């Protein structure tokens, strides 16, 4: 795990006791695992954003997302990568060659790969809820053609799990990577979520005019990671000749924040992170109570051994909540921090080829082992 560096910002604009500007930004306690913001100039206002690593087209335009089509063939089992909607672009799933979930799945023989490219919240999106995102995810999957293999990253993991429980017939296999589900399992994130006053979150939404401003958080609640920190996330050697370009790309990616709908944000903070409704069976999605035992599809769980945001114990414990038979549950733990699960070169060399193989295998039980 990378050594923590830098000093905590101080001054009248910094409120150290306000940790959960967004649940995964939490925190400075896990800053070496999750570098969501850098302390620097405001995010760019132009449209000159980083390009995608994998060629793609927009298959569908929805209120919450653009559905990216990264396929190489028109036939075969489709996989949909559900990116985290947590202040940064879905480029986290297609960061760079050797650091791309989309690329690793394609290299592993998955010919039809799609990606949820979440939109930054405009003022008219401030009332969008978790149901809004589940509804559009359902439309996207119908467009692709169910059943799909659903690959949920981080916060996209709990969204994918809710979807699989709500529409079990539409998900053939489910991959959850660093996904927070049972927040009763101790972590710095769950402690911070429980301990921060509820008014903190309400005030944040009010300051954003009904949305959560990514630019505001980038500017005022940030701490710059060191080169070593970023190298640990990308799992690269700083002496490598490609390191400088990757560090610059990571730096640029951090500045490209998204705004979040206030209603959606507050539901996540309160229902998922504070009240733990998904794990306790008290969550209602699109009009129906969610029972995780309805999820019987084969499941692959991937955890980071040095993940302070979603500890391995929390990420892997999800298996006990599901209706999937133990023989059809695969689990793996990889050295590295939270971002390393999605962007780390070592993880893409070892864990993601195994996930692709598991998705292609006709007998997933053969690979249902814990590593």
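Taken together, the values in this text are just the output of simple stated rules run on the coordinates, not laboratory data. Owing to the predicted nature of the structure, the values given are computational and were not obtained by experimental measurement. Note that each Cβ is placed from the backbone with ideal geometry, even for glycine, and that neighbours are counted across all protein chains shown.
Side notes on the structure shown:
- Packing-based ranking of 123-129, 145-151 yields 145-151, 123-129, ordered from highest to lowest mean Cβ neighbour count within 10 Å.
- Between residue 58 and residue 320, the FRET efficiency estimated from the beta carbon spacing at R0 = 30 angstrom works out to 0.20.
- Length available on full extension from residue 107 to residue 289: 0.36 nm per residue minus the Cα-Cα distance, which gives 61.7 nm.
- Seen through its C-alpha gyration tensor, with square-root eigenvalues sorted a ≥ b ≥ c, the stretch 188-310 comes out oblate because a/c lies at 1.5 or above while a/b is not bigger than b/c.
- Extension gain, residue 77 back to residue 237 (0.36 nm per residue minus Cα-Cα distance, nm): 54.0 nm
- Each peptide in 77-90, 54-67, 256-269 gets a packing score, the mean of other Cβ atoms within 10 Å over its residues, and the list from highest to lowest is 77-90, 256-269, 54-67.
- Over the stretch 277-371, the pair-distance histogram of Cα-Cα distances with 10 Å bins from zero comes to 16, 40, 34, 10, 0 percent, rounded to whole numbers.
- Pair residue 313, residue 191: separation of 7 Å Cα→Cβ label points (nm): 1.2 nm
- Shape call, the stretch 213-274: gyration tensor on alpha carbons, a/c limit 1.5: prolate
- The stretch 160-215 and the stretch 320-361 have Cα centres spaced 21 Å apart.
- Extension gain, residue 349-residue 305: 0.36 nm per intervening residue step, less the Cα-Cα distance, totals 14.2 nm.
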